[in-house]
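Chemist: Structure provided below as structure tokens; questions to follow.
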Amino acid sequence: FTTLDRWPDPLGRQARQMSSAVPYVVFLATRDSRYADITRRWWGGQLPITELDALEAIARGDRATATRLARSFPDPDSTRASTGNLNGTRWFARAEVWAALGEPQRAVAYYEVMEPMRLNRNQNFDPAWPLWARSFLARGQLYEKLGDRDKAIAAYSRFLDMWKEADPSLDAQRRLAREALARMRGEAPADAPR
């Protein structure tokens, strides 16, 4: 990030704006506010990034601010009715906010907006695609909380199918999904003693 920060403008500014998804995703993975700050700086103040502000408020224990910010998010139903691409990365983060606020129904609605036909296909690098796949683990967990066994099973199964060849560093997430799927089906976990 430091190297890209040092690139002279106007090329540097353009490269930082085009690369702003990288620190954004690193923030989502780590919740380290340094990466939220880099994202804001590279974003260039084009639009407010309220979902990052809300996640940072949650980390500080400021649920009131996070809730106020979350209420300003675009409505999933209106977005679903519109046409064109959407920023799947931002929708993933918004869903994460609602999940952290203990609002599983709202969180699921935000994850469900992330449909493949709506994700951006015009960029060389779009982190929304792996986040879309990862959203099925979160969806499964939320459906489970909501008591929707069939949707939870479908979400966990889809996640496992999409990540069957994922990097071994992601085994913990696959294990969570396998255990949850077995639990939802009333089966003993594969690694349970017999």
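The values are calculated or read from the model by the stated rules, or taken from the named source; none is laboratory data. This is a predicted model, so every value here is computed, not measured. Every residue, glycine as well, gets a Cβ built from its backbone with ideal geometry; the counts of neighbours run over all protein chains shown. Remember, those area values only see protein heavy atoms, side chains included, never the ligands or the DNA or RNA. Shrake-Rupley method; radii C 1.70, N 1.55, O 1.52, S 1.80 Å.
Chemist: Could you check how many residues of the range 69-107 are modelled with pLDDT under 85 and either in contact with a Ser or Thr (Cβ under 7 Å, 6 or more places away or on another chain) or of a type in the set (A, V, I, L, M, F, W, C) (or both)?
Modeler: So the count comes out to 2.
Chemist: If you don't mind, another one. Condition first: charged (D, E, K, R) and not in a helix (DSSP H, G or I). Now tell me which residues in the range 144-185 satisfy that. I'd like the intermediate steps shown before the answer.
Modeler: From the range 144-185, those charged (D, E, K, R) are 144-145, 148-151, 158, 161, 164-165, 167, 171, 174-175, 178-179, 183, 185; that's our starting set.
The answer is Asp148, Lys164, Glu165, Asp167.
Chemist: Within the set of pairs 6+ apart or on separate chains, which have a first residue in the range 64-91 that is open to solvent by 20 Å² or more (accessible area, probe 1.4 Å), a second that is assigned to a loop (DSSP other than H, G, I, E, B) and at pLDDT 90 or above, and C-beta atoms under 8 Å apart?
Modeler: Qualifying pairs under 8 Å: Thr67/Leu101.
Chemist: Please enumerate the residues belonging to the range 97-108 that are of a type outside the set (Lys, Arg) and either over 15 Å from the mean Cα position of the chain (by Cα) or open to solvent by 40 Å² or more (accessible area, probe 1.4 Å) (or both).
Modeler: Ala100, Gly102, Glu103, Gln105
Chemist: Right, another one. Among the residues of the range 40-50, which ones are open to solvent by less than 40 Å² (accessible area, probe 1.4 Å) and in contact with an Asp or Glu (Cβ under 9 Å, 6 or more places away or on another chain)?
Modeler: The answer is Trp42, and nothing else.
Chemist: Only residues that are open to solvent by 70 Å² or more (accessible area, probe 1.4 Å) and among the charged types (D, E, K, R): list them for the range 1-39, please.
Modeler: Scanning the range 1-39 gives Arg6, Asp9, Arg13, Arg31, Arg34, Asp37.
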